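Structure first, commentary second.
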Amino acid sequence: MKLIIAANWKMHKTAAETVSFCNSLKLREKEFSGVEVLLCPPYTALSAAAAALKGSAIKLGAQNMSWETEGAYTGEIAAPMLKEFGVTHVILGHSERRHIFGEADNVIRKKLEQALRFGLIPILCVGETGEQRSGGDTAAVLESQLRAALEGLDRESIAELIIAYEPVWAIGTGQAASPTDAADAASLVRSAAEKLLGGAMEGALRVQYGGSVNAGNIDGFVTLPPVNGALVGGASLAVDTFADLIKAAGEAAEC
Ligand code: 13P
């Protein structure tokens with residue numbers, strides 16, 4: 001299964017900084033064999049990123065999206081607005097949306113349905129907090145987040161789905177999950193998702209690991225078959241660090 005390495009820039013980079021990053025990343029693109037690459041800049045940089053990425057295979061994603069198509073929703077961004085810029089993917093239910101902005105499971109479900117309706121590939125984020133992990137609740141938390149997001153969805157409506165396992169305690173802490181813990185969680189995520197959706201998903205479902213991934217540890221994750229790529233925060237902000245990470249992922253997967 002082809003790996004997908006995605007950059008989640010969160011609230012970083014102006015449009016000008018994005019253009020400069022994209023131009024430099026394109027110069028290293030020939031080094032990225034066997035890896036699909038996705039950039040998720042802030043909304044305000046999507047247009048500039050789309051123009052800068054023309055002629056490249058690097059794809060563009062958004063970090064969030066409204067569940068509505070248009071209307072009186074001050075400050076929100078709708079799926080057709082994203083599609084206008086050539087956005088193909090959208091991150092939904094990131095732990096920062098859940099925990100800082102109070103996004104509940106039912107909101108994430110509505111956003112997921114909207115993404116599928118508009119042909120955007122969702123990157124659904126799930127993950128347990130440190131407290132839930134020490135309480136032995138990881139599996140229950142993942143299953144409950146997946147059930148809320150996926151139960152009863154029409155399998156036929158899902159051409160492609162990405163689920164990112166991002167343990168909250170590993171995000172931005174420098175303390176990544178161990179590769180075997182990430183692989184165990186990724187297996188659980190895949191089997192729970194397939195059960196909820198009523199059958200094997202094969203290549204239509206890819207499971208990423210996210211949380212303190214960098215060029216030095218990516219190989220440990222992507223050489224374990226349940227993990228099909230990574231969602232990268234901090235290590236995606238500097239172009240050389242990110243390009244080194246993508247290259248290392250491709251090389252590790254080839255071995
Ligand atoms: P870090 O890679 O900075 O830990 O962030 C992970 C993340 O939240 C990606 O969505």
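At a glance:
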quantity: Accessible area of Asp240 in the full protein assembly, 1.4 Å probe (Å², nearest 10); calculated: 90
quantity: J(HN,Hα) series, segment 157-167, from Karplus relation 6.51 cos²θ - 1.76 cosθ + 1.60, nearest Hz, glycine and proline x; calculated: 7, 10, 6, 7, 9, 10, 10, 9, 8, 10, x
quantity: Note, ³J(HN,Hα) from phi for segment 37-54, Karplus 6.51, -1.76, 1.60, rounded to Hz, x at Gly and Pro; calculated: 10, 9, 10, 10, x, x, 3, 5, 9, 5, 4, 5, 5, 4, 5, 5, 8, 3
quantity: Rounded if a/c under 1.5, otherwise prolate or oblate - segment 129-255, Cα gyration tensor axes; calculated: oblate
quantity: Signed unit charges on C-beta, dipole axis of segment 1-155, positive-most listed residue His12, Ile123, Gly34; calculated: Gly34
quantity: Residues whose placed amide H lies under 5 Å from that of Gly229, excluding near-sequence neighbours; calculated: Ile4, Tyr209
quantity: For segment 87-156 and segment 1-75, distance of Cα centres in Å; calculated: 21
quantity: Ile158 accessible area, assembled protein chains, probe 1.4 Å, Å²; calculated: 10
quantity: Whole-number D in µm²/s for the chain (Stokes-Einstein; Kirkwood sum over Cα pairs; 20 °C, 1.002 mPa s); calculated: 118
quantity: Sulfur and carbon atoms: percent of accessible area, the chain [1.4 Å]; calculated: 53
quantity: Cut-off under 5 Å, modelled amide H: who pairs with Ile91 long-range; calculated: Ala62, Gln63, Asn64, Ile123
quantity: Sequence of Ser236, Ser191, Ser134, Ser212 from largest to smallest accessible area, 1.4 Å probe; calculated: Ser134, Ser191, Ser212, Ser236
quantity: Of Lys59/Lys110; Lys54/Lys83; Lys54/Lys247, those spanning more than 18 Å from alpha-carbon to alpha-carbon; calculated: Lys59/Lys110; Lys54/Lys247
quantity: DSSP-assigned coil residues among GluC sites (Glu not before Pro) in segment 127-215, each with at most 13 further Cβ atoms within 10 Å; calculated: Glu151
quantity: Segment 56-109 shape via C-alpha gyration tensor axes, a/c threshold 1.5; calculated: oblate
quantity: Sequence of Ser178, Ser66 when ordered by accessible area, the most exposed leading, probe 1.4 angstrom; calculated: Ser178, Ser66
quantity: Among Ala253, Leu82, Thr241 the positive-end extreme of the charge dipole of the chain (Cβ point charges); calculated: Leu82
quantity: DSSP-defined beta bridges in the chain - what % are antiparallel, rounded to 5; calculated: 0
quantity: Loop-resident sites, segment 17-77, for chymotrypsin sites (Phe, Trp or Tyr not before Pro), counting at most 15 other Cβ within 10 Å (DSSP); calculated: Tyr73
quantity: Leu161 long-range amide H proximity, modeled H, under 5 Å; calculated: Leu205, Arg206
quantity: Within segment 39-148, trypsin sites (Lys or Arg not before Pro) in DSSP loop having at most 11 other beta-carbon neighbours inside 10 Å; calculated: Lys54
quantity: Solvent-accessible heavy-atom area per residue, rounded to whole Å², over the chain at 1.4 Å; calculated: 43
quantity: Theoretical ellipticity at 222 nm over the chain - DSSP helices of four or more residues, -39500 (n - 2.57) apiece, nearest 500; calculated: -11500 deg cm²/dmol
quantity: Listed residues Glu31, Glu166, Glu84, most fluctuating in the chain (Gaussian network, C-alpha, under 10 Å); calculated: Glu84
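The values are calculated or read from the model by the stated rules, or taken from the named source; none is laboratory data. Keep in mind the model is a prediction, meaning the values are calculated, not measured. Neighbour counts run over all protein chains shown; Cβ positions are idealised from the backbone, glycine included. Ligands, DNA and RNA are excluded from the accessible area calculation, which covers all protein heavy atoms including side chains. Shrake-Rupley method; radii C 1.70, N 1.55, O 1.52, S 1.80 Å.
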